[in-house]
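The structure under discussion appears below in the form of structure tokens.
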Amino acid sequence: ETGVTQTPRHLVMGMTNKKSLKCEQHLGHNAMYWYKQSAKKPLELMFVYNFKEQTENNSVPSRFSPECPNSSHLFLHLHTLQPEDSALYLCASSQFQRKETQYFGPGTRLLVL
Amino acid sequence: AQKVTQAQTEISVVEKEDVTLDCVYETRDTTYFLFWYKQPPSGELVFLIRRNSFDEQNEISGRYSWNFQKSTSSFNFTITASQVVDSAVYFCALTGDYKLSFGAGTTVTVRA
């Protein structure tokens, strides 16, 4: 595997379900990011991890819970989501957090029913 | 605060036409980086180019070229002799201290 991978690529879940999105980077980077991309809206930065430590949480609702066990893996745990949470969730990584090129995964298309 | 503006929402061209995408940015940082990303229908954001604020030299890579003008805070992107595979959403982005700010994106449709 190369670059940034994300699983699953597509996910349909009910509002009462609990699911997790997984991201893995094979680039030796130290910073990882979660973004949300909704239709007709700009990319929204959700969380930033730098050397496994969360350095940014952009007022994301608690029904989204990130986890970064090491610099190569990032998870987004989902529970009791709302239909408006349906979106493309993109993971990215960069060498360091500052002024570095971010490389993105293919995204997970999430549909909340 | 930093901001990226892509005034063009959608551009539609016929194959082999040239396409220029506009990007204007605002930042108070003296050192910053500018980027272009491509997002095909599959969804993945593909990195195309990064430019340092100190390097105003324009760049050409195959059919792609970039025009960075600090005086007008613009970083425009041209696709020469467009192809159907160029159809995608193109995002301009800016990073100052650490946050990457994206423009709203320009949807390019290339018709055969």
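We did not get these values from a lab; they are worked out from the coordinates using the rules stated. Values in this document were obtained by computation on a predicted structure and should not be read as measured data. Counting neighbours? That spans all protein chains shown, and the Cβs are built from the backbone with ideal geometry, glycine included.
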Legend entry - Environment charge at A:Phe51 (Cβ cut-off 14 Å; Lys +1, Arg +1, Asp -1, Glu -1): -1
Legend entry - Positive minus negative residues near B:Thr9 (Lys, Arg vs Asp, Glu; Cβ under 15 Å): 0
Legend entry - Pairs from A:Lys52/B:Lys70; A:Lys19/A:Lys99; B:Lys38/B:Lys70; A:Lys36/B:Lys3; A:Lys36/B:Lys99; A:Lys19/A:Lys41 whose Cα-Cα separation, in the structure shown, is over 26 Å: A:Lys52/B:Lys70; A:Lys19/A:Lys99
Inset, instruction - Evaluate peptide B:33-43: per residue, the Cβ atoms of other protein chains within 10 Å of its Cβ; return the mean as an integer. - result: 3
Inset, instruction - Give the shape of region B:29-112 as rounded, prolate or oblate, defined through the alpha-carbon gyration tensor: a ≥ b ≥ c are the square roots of its eigenvalues, a/c under 1.5 means rounded, and otherwise the shape is prolate if a/b is larger than b/c and oblate if not. - result: oblate
Inset, instruction - Kindly state, to the nearest 0.05, the FRET efficiency for A:Lys22 paired with B:Arg111, given R0 = 25 Å and r defined as their beta-carbon distance. - result: 0.10
Inset, instruction - Could you calculate the FRET efficiency of B:Val13 with B:Glu56 from 1/(1 + (r/R0)^6), where r is the beta carbon distance between them and R0 is 22 Å, rounded to 0.05? - result: 0.20
Inset, instruction - Note down the relative contact order for region A:25-100 as a percent, whole number, built from C-alpha pairs under 8 angstrom at least six residues apart. - result: 40
Legend entry - Cα gyration tensor shape for chain A, rounded if a/c is under 1.5, else prolate or oblate: prolate
Inset, instruction - Count charges around B:Lys38 for me, please; just the other residues with Cβ under 11 Å from its Cβ, Lys/Arg as +1, Asp/Glu as -1. - result: -2
Legend entry - Cysteines without a disulfide-compatible neighbour (Cβ-Cβ under 4.7 Å), the protein assembly as shown: A:Cys68
Legend entry - Residue among A:Glu44, A:Glu100, A:Glu67 with the largest mean-square fluctuation in a Gaussian network model of chain A, springs linking Cα atoms under 10 Å: A:Glu100
Legend entry - Overall dimensions of the protein assembly as shown by Cα: Rg and Dmax, Å: 17.8, 54
